[in-house]
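Contents: one structure, followed by commentary.
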Amino acid sequence: MDQRTSIEEQIDLPFVESLKISFQSLKIRFGRSIITTAGITLGIAFLVSVWANNEIDLALQESGRSSAITNLDEASEQGISTKDIWLIIMSLIVCVVGIANSMLMAVTERFREIGTMKCLGALDGFVVRLFLLESGFQGFAGALIGALIGTLGAVLLGLKNYGMDLFFYFPLFPANPENGSFQVGVLLLILIGCFLGMILAIVGSSFPAWRAAKLPPAEAMRTEV
Amino acid sequence: MPDIVVKTEDVVKEYRMGSNVLRALDGINIEILRGEYISLMGPSGSGKSTLFNMIGALDRPTKGQVYIDGQNMSNLSQRQIAAFRCHRVGYIFQSYNLLNVRTAHGNVTLPMIFAGIPDKDRNKKAEELLDKVGLGDRMYHLPDELSGGQRQRVAIARALANDPSIILADEPTANLDTITGREIIDLIKQLNTEDGVTVISATHDLKMLDVSDRIVDIRDGLVERIRNRDEIEIEVGDVGGE
């Protein structure tokens, strides 16, 4: 057959268009977005509270001002205990699995939407970019709230254990005392929590979004959740 | 020489279901002329929707070739296929497939965003198209706030956004009541006669057959026969006492 009219190549859209579409989607799907974000918040809150609690214990032990440390069975002078490391690792695993699950569900239930966008001319890369932006926003917002809740939880527990001494020796900044172990500091911990939440949300959504974007639209639209 | 807009050559589509292979299309050969109104007809599971997906570049054939405007679709890059879907074809689905997070106006502007049309121009065109399909007063409603017929009208306006030369409609009246279905058919037929758009529709609806130029009967993944409209007798009654 003759080549009557050649088909041009689809253009790349400016980044600002992706930003607008993803913001609009988050705004209108606010209720659903909140549930996904809550999954991230809980995971990060758990991780940060366990870790911050550990930092507070370390700081108060270093200060030698705590009377409450005698109540802690692992209150050794060597700093962070095996049990604490185990607890932090466990909370990290719960956080990773929880966030990955939230993002997987949030993307999978939108396969039809992805198929429709491809019918209208969206490139695979554009679809993936939209989802990464959305999940990045959700991840950051959820993790920030989670980190603050987790810190608050650790502070309340610290107040119960150490009373007002907590505020004099509060480990806000990183410290590396000569005879003790390195302390990350709660401020850095909040930042780590935010970063981790955002990265996990992006990683968690990137695989299903990429998979859906690669599917032929007919197949993506057939997918039932 | 006839102006062929769509041509399929021995198109086969197989689906793997565990260890079974289901052959939905078993070597389809059809030619569709520019400006025609074609109905693909057949019982559920006959393969008409699968053929619809092949013609619209929504799925890839297992074997065989699909040519649109003389272009072999299997030779196109991903970017060209996206541009083809964006500019050449307008899709209308049984279940509307509107994006629920966007208003009627937002749904109509979306293909124009993908086509890189500036903000002002696409807003104006979306308003014109929604006016054309009779939804001028419900432009900024979300799909959930619209009736089935209104949603299908939004889908039609969206399908027309980038002035496609082909409209592909998959059972566009299946979820609608008789009167609304009739209105949708009239709207699609109007696009066909007034704007010269080629319409390819998969349907069960006798009213859609009534307005078709040719009817392609699909059975068990094969073209059973192709009939001209004047070769068949259809009596379509009116409902509503008018």
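The values are calculated or read from the model by the stated rules, or taken from the named source; none is laboratory data. Just so it is clear, the structure is predicted and the values come from calculations on it, not from any experiment. Glycine gets a Cβ as well: all are built from the backbone with ideal geometry, and neighbour counts include every protein chain shown.
The table that follows gives values for the structure above.
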read-out	value
The stretch B:164-194: number of residues that are in contact (Cβ under 8 Å) with a residue 60 or more places away in the chain, within 25 Å of A:Ile7 (Cα to Cα) and not β-branched (Val, Ile, Thr)	6
Any hit, the stretch A:83-93, residues being among the β-branched types (Val, Ile, Thr), outside any helix (DSSP H, G or I) and modelled with pLDDT under 80	no
Count of the stretch B:58-71 residues which are more than 8 Å from chain A (Cβ to nearest Cβ), part of a strand (DSSP E or B) and over 19 Å from the mean Cα position of the chain (by Cα)	3
Those residues of the stretch B:78-119 which are in a helix (DSSP H, G or I), free of Cβ contacts under 8 Å to residues at least 40 places away in the same chain and more than 9 Å from chain A (Cβ to nearest Cβ), in sequence order	B:His105, B:Asp119
Residue ranges of helices (runs of 4 or more DSSP H) in the stretch A:108-196 with at least 3 members among the aromatic types (Phe, Trp, Tyr) and over 30 Å from A:Ala59 (Cβ atoms)	A:124-162
B:Arg151 vs. criteria over 23 Å from A:Ile7 (Cα atoms) and more than 9 Å from chain A (Cβ to nearest Cβ)	yes
So B:Met41, is it more than 11 Å from chain A (Cβ to nearest Cβ) and closer than 19 Å to B:Phe93 by Cβ	yes
In the stretch A:27-44, the residues that are facing another protein chain (nearest Cβ under 9 Å) and modelled with pLDDT of 80 or more	A:Lys27
Given (1) surrounded by fewer than 22 Cβ atoms within 10 Å (Cβ to Cβ); (2) at pLDDT below 90, number of the condition B:Met139 does not satisfy	(2)
The stretch A:14-59, residues that are small (Gly, Ala, Ser) and more than 30 Å from A:Leu159 (Cα to Cα)	A:Ser18, A:Ser22, A:Ser25, A:Gly31, A:Ser33
Selected residue [of a type outside the set (Ser, Thr, Tyr) and modelled with pLDDT under 90] from B:Gly237, B:Gly221	B:Gly237
Filter result for A:Val16 (in a helix (DSSP H, G or I), over 16 Å from A:Phe131 (Cβ atoms), free of Cβ contacts under 8 Å to residues at least 60 places away in the same chain and not small (Gly, Ala, Ser))	yes
Odd one out for B:Glu127 among (1) among the acidic types (Asp, Glu); (2) more than 7 Å from chain A (Cβ to nearest Cβ); (3) touching a strand residue (DSSP E or B) at 6+ places or on another chain (Cβ under 8 Å)	(3)
B:Val216 being out of contact with any helix residue (DSSP H, G or I) (no Cβ under 6 Å at 6 or more places or on another chain), hydrophobic (A, V, I, L, M, F, W, C) and within 29 Å of B:Val12 (Cα to Cα)	yes
Count of residues meeting criterion [out of contact with any Ser or Thr (no Cβ under 9 Å at 6 or more places or on another chain) and either of a type in the set (A, V, I, L, M) or within 14 Å of chain B (Cβ to nearest Cβ) (or both)] in the stretch A:125-143	2
Which numbered condition A:Leu120 misses (of (1) in contact with a strand residue (DSSP E or B) (Cβ under 9 Å, 6 or more places away or on another chain); (2) at pLDDT below 75; (3) of a type outside the set (Gly, Ala, Ser))	(2)
